[in-house]
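Trainee: Okay, here's the structure, questions in a sec.
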Amino acid sequence: MERMLNGFTLGNLELVNRFVFPPIKLGCGNPDGTVTDRQLNFYKQIARSGPGLVIIEPVSVTADGREHPKQPCVHLAESAAELKKIADVMHSENRFACLHLNHGGAAANPKVIGGKPKAPSTITCPTTGQESDSLTGEKIEEILAGYRSAAQKAKEAGFDIIEIQGGHGYLISQFLNGKLNKREDRFGEDQLLFARKAIARVKEGAPDMPLILRISGNEMSPEFGISQEDLLPLLKLAEESEISAIHVGMGNSCFSPPWYFHHTSLPDKPQMDALAWVREHTTLPMIVAGRMGRKDKVIKVLDDGLADLVALGRPLIADPDLIEKWQKGKDEEVMYCGYCLQGCLHRMKSGESLGCNLNPAVGLPELVPTSNPIKVLIAGGGPAGMSTALYMTRRGHTVTLAEKTDNLGGQFAVAWQAPGKEKMKQGLETIERSVKTSGASILMNRAVDSALVREIQPDLLVWATGAVQNIPEIKGLDDQYVMTSIEYFQGEKKVKGPRILVIGAGRAGIEIAEKSGKEGYEVIATKRTDPIGSMMEMITKKLALMRIDQMDKVNLMPHTTLKEFKAESVEVEKDGERLSLEPFQTVILASGMRSATGPDEELVNAVPKTEIIGDAMEVKDIFSAVHAGYNLALKY
């Protein structure tokens with residue numbers, strides 16, 4: 001434990017601990033490249049009692065390498081003044097600030113740059129679906145000049161150190177990669193040339209600043225990823241160039257996004273093997289990045305000599321006070337990230353700002369005590385109800401939370417049981433502990449009725465009773481052995497086999513099909529429409545479908561409508577064709593959820609004010625439910 005919190009010398013910087021915040025896209029800047037209050041609030045949250053070094057979100061050295069419309073800029077005349085606002089925030093918290101320089105190359109977003117991406121050779125990036133143009137010699141020199149200019153601006157803005165992105169399938173990696181770089185000029189004959197020149201230009205622009213080089217320890221794409229043979233010269237160049245540290249991530253932004261984003265369901269061994277390989281081939285200090293938000297894992301990589309510094313990204317988004325809590329021995333208070341990507345990456349991909357399922361206050365000002373405390377009664381102890389109780393009490397309200405069952409958590413309590421989501425359980429447990437120690441009065445096995453309202457006499461009734469299973473009307477369904485998706489995950493009913501029918505192949509249906517398939521059942525999951533796995537985070541869905549594809553006994557049937565259950569068959573219609581399926585021993589309903597019944601008129605009339613939130617208002621997801629509670633606290 002002490003080793004994590006010891007200081008460390010990085011270049012000419014004396015870090016207060018062994019932790020680093022890695023470059024994570026926030027998506028909350030202005031489209032013109034100017035910095036917003038939310039960005040400044042975010043970095044202040046991270047820096048306060050946080051990692052010794054904070055690397056800010058990536059900036060592209062030229063406009064045609066950008067990935068996100070709200071990405072900070074470094075190529076504009078006013079960029080240094082804007083970026084200085086961020087550096088100043090870190091310095092105000094006595095933390096060092098690092099500017100991360102990149103160029104997306106083939107991974108640049110065509111919608112953001114207004115045209116086809118530019119790369120060493122013609123490459124199609126599956127992430128964007130866009131084929132790139134081959135860079136001209138003149139354009140290469142323009143980008144290299146961008147590295148020099150960006151380094152100058154980093155110095156002007158007051159940054160303490162610069163990180164150069166040399167991996168993850170971005171431009172420098174594309175030049176190094178013999179599978180992608182098919183040029184016949186000097187940048188193809190000497191694939192290290194672009195990296196060498198880029199590093200040299202950065203050193204010209206900021207000659208006295210220490211440098212970090214970021215790489216992928218393994219791009220996890222045998223067909224398109226950079227080989228270890230091609231990566232070795234870059235490690236040697238880093239030593240020759242007196243780079244201060246190697247920052248080791250995983251994956252390729254185009255060809256292996258699950259590894260690039262370190263999805264929760266991936267195994268740890270490839271990452272540990274990659275770290276060991278890099279350690280074997282460099283004498284430079286190493287920073288490890290990716291799913292490092294558990295203390296035992298941090299201690300292991302440090303004790304095994306696989307890293308000198310540890311990057312915490314999403315774990316600090318879920319809980320900006322993580323390091324301080326570890327330092328004070330308050331491990332049970334940590335809000336542990338589940339690496340689900342649902343609140344962060346999923347939102348970024350849809351053009352929204354970065355968020356978190358567990359922390360609705362990302363980048364927002366601290367809650368302040370209310371000047372008008374009231375009595376609040378909350379119906380329902382699911383994510384929306386727990387969030388409301390937690391943040392209402394922090395505002396100073398008197399809160400009573402009533403849950404009709406003997407468990408808090410609602411659907412969140414079963415979500416972690418889906419394959420690959422086990423790490424989400426710790427986040428749920430922390431929310432439960434936080435609510436129980438918040439000062440709210442918690443009533444279990446108690447529904448909100450007129451008697452409770454008369455007893456509590458609340459000023460505000462918050463109806464957060466969640467959602468219930470939608471039951472489809474199918475002839476003969478009542479004669480089947482049926483359970484809902486919630487009953488399945490809660491284990492309330494025993495699954496009978498060998499054949500299982502899952503009605504609905506959305507998020508829950510896919511998870512049930514995979515879990516049942518792993519248990520050896522023969523599973524068919526139907527969906528009336530396409531796409532399969534709707535509402536699922538993109539990478540989670542891709543990985544789940546890949547695993548299901550390897551299961552001989554699991555069959556997904558989109559465009560399939562259940563027509564009738566008969567004694568000897570199940571009649572369905574697929575793509576307009578009538579089919580008969582063999583009978584099933586268990587039918588599991590994953591056919592969507594609908595809002596639970598709202599408060600009756602007697603309840604509404606008995607309180608001065610009523611708010612309906614979360615799934616009780618509109619069925620969405622855990623992210624929306626948790627944020628609904630926080631937003632309600634802001635309102636009152």
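Taken together, the values in this text are just the output of simple stated rules run on the coordinates, not laboratory data. Note that the structure is a prediction, hence the values are computed from the model and not measured. Backbone-built Cβ (ideal geometry, glycine too); neighbour counts: all protein chains shown.
Trainee: Compute the long axis of helix 137-156 from its Cα atoms, compare it with the longest principal axis of the Cα atoms of the chain, and write down the angle in degrees, 0 to 90, nearest 10.
Mentor: It is inclined by approximately 80 degrees.
Trainee: How large is the dipole of segment 2-349 about the Cα centre if only Lys and Arg carry +1 and Asp and Glu carry -1, each at its Cβ, rounded to the nearest 20 debye?
Mentor: 700
Trainee: Let me ask something additional. May I ask for the distance between the Cα centers of segment 400-417 and segment 224-273, given as a whole number of Å?
Mentor: 40
Trainee: Continuing with this model, one more query. What lysines could a cross-link reach from Lys518, if we take a straight Cα to Cα line under 24 Å and drop same-chain neighbours fewer than 8 places away?
Mentor: Once the sequence-local lysines are set aside, what remains near Lys518 is Lys269, Lys421, Lys423, Lys425, Lys493, Lys494, Lys496, Lys527, Lys541, Lys542, Lys553.
Trainee: Out of segment 540-636, which GluC sites (Glu not before Pro) are coil in DSSP terms and have no more than 15 other C-beta atoms within 10 Å?
Mentor: Qualifying residues, ordered by number: Glu568, Glu618.
Trainee: Please give, to one decimal in nm, the separation of the simple spin-label points placed at Glu487 and Glu239, each 7 Å out from Cα toward the Cβ.
Mentor: 6.5
Trainee: Another question, then. Treating the angle as unsigned and between 0 and 90°, give the value, to the nearest 10°, between the Cα long axis of helix 538-549 and the longest Cα principal axis of the chain.
Mentor: Between the helix axis and the principal axis of the chain, the angle is about 70 degrees.
Trainee: So which cysteines of the chain have no other cysteine's Cβ under 4.7 Å from theirs?
Mentor: Lacking a cysteine Cβ partner under 4.7 Å: Cys28, Cys73, Cys98, Cys337, Cys340, Cys344, Cys356.
Trainee: Divide by every residue of the chain the summed helix terms, -39500 (n - 2.57) for each DSSP H run of at least 4, and state the resulting mean residue ellipticity at 222 nm, rounded to the nearest 500 deg cm²/dmol.
Mentor: After summing the helix terms and dividing by residue count, I get -9500 deg cm²/dmol.
Trainee: Could you pull out which residues in segment 494-537 have an amide N less than 15 Å from a spot 7 Å beyond the Cα of Leu477, following the Cα-Cβ vector?
Mentor: Correct set: 501-506, 509, 526-529.
Trainee: Check each of the GluC sites (Glu not before Pro) in segment 41-86 and keep only those in coil by DSSP with at most 16 other C-beta atoms within 10 angstrom; list them in order.
Mentor: Answer in residue order: Glu78.
Trainee: Less than 20 Å from a label point 7 Å out along the Cα-to-Cβ axis of Ile299: which backbone N atoms in segment 309-351 qualify, by residue?
Mentor: 309-312, 315-316, 322-337
Trainee: Then there is this: Taking other Cβ within 10 Å of each residue's Cβ, how do Leu26, Leu235, Leu452 sort, fewest first?
Mentor: By the 10 Å Cβ count, ascending, the order reads Leu452, Leu235, Leu26.
Trainee: Using only Cα atoms, find the angle between the long axis of helix 193-205 and the longest principal axis of the chain, and express it within 0 to 90 degrees, rounded to the nearest 10.
Mentor: Once rounded, one gets 80 degrees.
Trainee: Something else: Taking +1 at the Cβ of each Lys and Arg and -1 at the Cβ of each Asp and Glu, which of Gly114, Gly50, Gln71 sits farthest along the dipole of segment 43-163 towards its positive end, judged by Cα position relative to the Cα centre?
Mentor: Result: Gly50, furthest along the dipole toward the positive end.
Trainee: Once the other residues with Cβ under 9 Å from the Cβ of Tyr339 are scored (Lys, Arg +1; Asp, Glu -1), what is the net sum?
Mentor: Net local charge, Tyr339 excluded: +3.
Trainee: Dipole magnitude of segment 477-591 about its Cα centre, charges +1 at Lys/Arg Cβ and -1 at Asp/Glu Cβ only, in debye to the nearest 20?
Mentor: 300
Trainee: Return the whole-Å distance between the Cα centroid of segment 75-103 and the Cα centroid of segment 131-209.
Mentor: 20
Trainee: Right, another one. Over segment 477-591, what relative contact order in percent results from Cα pairs under 8 Å that are six or more residues apart?
Mentor: Reported as a whole number, the value is 36 percent.
Trainee: Further question: In debye, nearest 20, what is the charge dipole magnitude of segment 197-255 about its Cα centre with +1 on Lys and Arg Cβ and -1 on Asp and Glu Cβ, if you could check?
Mentor: Once rounded to the nearest 20, the dipole reads 180 debye.
Trainee: Are there trypsin sites (Lys or Arg not before Pro) in segment 49-98 that DSSP puts in a loop and that have at most 12 other Cβ atoms within 10 Å, and which ones?
Mentor: Here no loop site has a sparse enough neighbourhood.
Trainee: Which of these values of Cα extents along the principal axes in Å was calculated from the structure shown: (i) 73, 64, 46; (ii) 72, 55, 51; (iii) 172, 68, 46?
Mentor: Only one listed value fits the structure, namely (i).
Trainee: Please give the length that would be gained between Ser371 and Asp552 if that part of the chain were fully extended, namely 0.36 nm times their separation in residues minus their C-alpha to C-alpha distance (nm, one decimal).
Mentor: 59.0 nm
Trainee: Now for a different question. For a protection proxy built on the mean count of beta-carbon atoms within 10 angstrom, sort 100-113, 620-633 highest first, please.
Mentor: 100-113, 620-633
Trainee: Towards the positive end of the charge dipole of the chain, with charges on Cβ (+1 Lys, Arg; -1 Asp, Glu), say which of Gly249, Ser134, Ile86 has the farthest Cα.
Mentor: The listed residue farthest towards the positive side: Ile86.
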